[in-house]
Amino acid sequence: MLYTIKNGKLEISADTFGAELHSVKLGGKEYLWQCGDAWKRYAPILFPFICSPKDRKYTAGGKQYTMKANHGFARDMEFEFTGQTDDSLSFRLTDNTETLAQYPYKFCLDVKYTISGNCLSVENLVTNTGDEDMYFYLGAHPAFNCPLNEGESFDDYYVEFDLDEHITQKIGDETVTLVKYGKQLDMTRKLFDNDSIPINYPNSKAISLRSRKSSSYVRLEYPVSDCITVWSPTGDDRAQFVCLEPWTSVPTFYDDDFENIENKPNAIKLGKGEQYRYYYNIVIF
């Protein structure tokens, strides 16, 4: 079920399925990709994995498990709607028979969207409700319209970092430099020929999607993320969007040398009864 809140500037909608954002509007203009044929998502939540381990298999407590889909299961599950105020929407997912078949830990994942002025704050709160340590990865995958305005093209846009970044991408045995100690990453279809561009431990804690032809833009602030990823499908002109993805760490497959989830270097460990708060902001201009 879809729920909507709005203030004098911003209007957002989110669904109980996946607790996924479906709309972010400023002054009536839509900024979020509307689930077209090029990618049938809006802004999925990635939990308990970012991407997948090799063959979607891993071990926990000496037992092998298989994750049914990429990016974990939260994005494809029905959440409980737990509350609405004038400026917030809240959702909750807890472990069940389906999750325990893929992931052995008991948990509670609370998702809250709060609007203030032209800013949308997103909070994910993970609680370990079991009797043993749990391990997980967590991230977001919002897709923003690109272009945002009529008369513009995908190539008119660029991603701007708050601070200088040195961004490289490994292609086979070669390492290619995409940004050499600068702030700007130009958007082209060819840029994504080798899939997404994750920036591990970025200097910046905010990133913006901007146009050379207009003043409309999206700023994403990620104060507690160790990785920010930029992605759009390659070779598909229907994909009029760019994803700005804040993640707790690099993807799970970076840790494939460690099959046991307890040993994966980038997995977050949460003790019995402990909570982990993860948050980011989307600011619309």
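Some notes on this structure:
- Residue-count net charge about HIS22 - beta-carbon cut-off 12 Å; Lys, Arg +1, Asp, Glu -1: -2
- For GLU20, the amide hydrogen comes within under 5 Å of the amide hydrogens of ASP15, counting only partners 5 or more places away or on other chains and with H modelled in the peptide plane.
- Table column - 3J(HN,Hα) (Hz), region 248-262, Karplus curve with 6.51, -1.76, 1.60, x for Gly and Pro: 5, 7, 5, x, 4, 5, 5, 9, 5, 5, 10, 5, 6, 4, 5
- Relative contact order %, the chain, counting alpha carbon pairs below 8 Å whose residues are six or more apart: 21 percent
- For SER196, net neighbour charge (Lys/Arg +1, Asp/Glu -1) across residues whose Cβ lies under 15 Å away: 0
- Using every pair of separate Cα atoms, the Kirkwood estimate puts the hydrodynamic radius of region 1-90 at 14.9 angstrom.
- Compared with the direct C-alpha span, the chain from ASP257 to LYS40 gains 75.0 nm at full extension, assuming 0.36 nm per residue.
- Its Cα gyration tensor gives the chain an equivalent ellipsoid; the semi-axes, largest first and in whole Å, are 30, 24, 16.
- Taken one residue at a time, the phi angles of region 69-79 give Karplus couplings (6.51, -1.76, 1.60, θ = phi - 60°) of 9, 5, 6, x, 10, 4, 5, 10, 10, 7, 8 Hz. Gly and Pro are set to x.
- In the chain, taking the dipole from charged Cβ atoms about the Cα centre, the farthest positive-side position among CYS119, CYS51, PHE136 is held by CYS119.
- Dipole magnitude for region 155-220: about 280 debye, using +1 per Lys or Arg Cβ and -1 per Asp or Glu Cβ, origin at the Cα centre.
- Helical runs (DSSP H, four residues minimum) scored at -39500 (n - 2.57) apiece and divided by the length of the chain put the mean residue ellipticity at 222 nm at -500 deg cm²/dmol.
- Between region 195-255 and region 11-34, the alpha-carbon center distance in angstrom: 18 Å
- Magnitude of the charge dipole, the chain, Cβ model with Lys/Arg +1 and Asp/Glu -1, debye to 20: 340 debye
- Backbone HN-Hα couplings from phi across region 85-97 [Karplus 6.51/-1.76/1.60, Hz, Gly and Pro as x]: 10, 4, 10, 8, 10, 10, 9, 9, 10, 10, 4, 8, 4
Bear in mind that the values in this text are calculations on the coordinates, not laboratory data. None of these values were measured; they are calculated from a predicted model. Because the Cβ atoms are built from the backbone with ideal geometry, glycine has one as well, and the counts that use them run over all protein chains shown.
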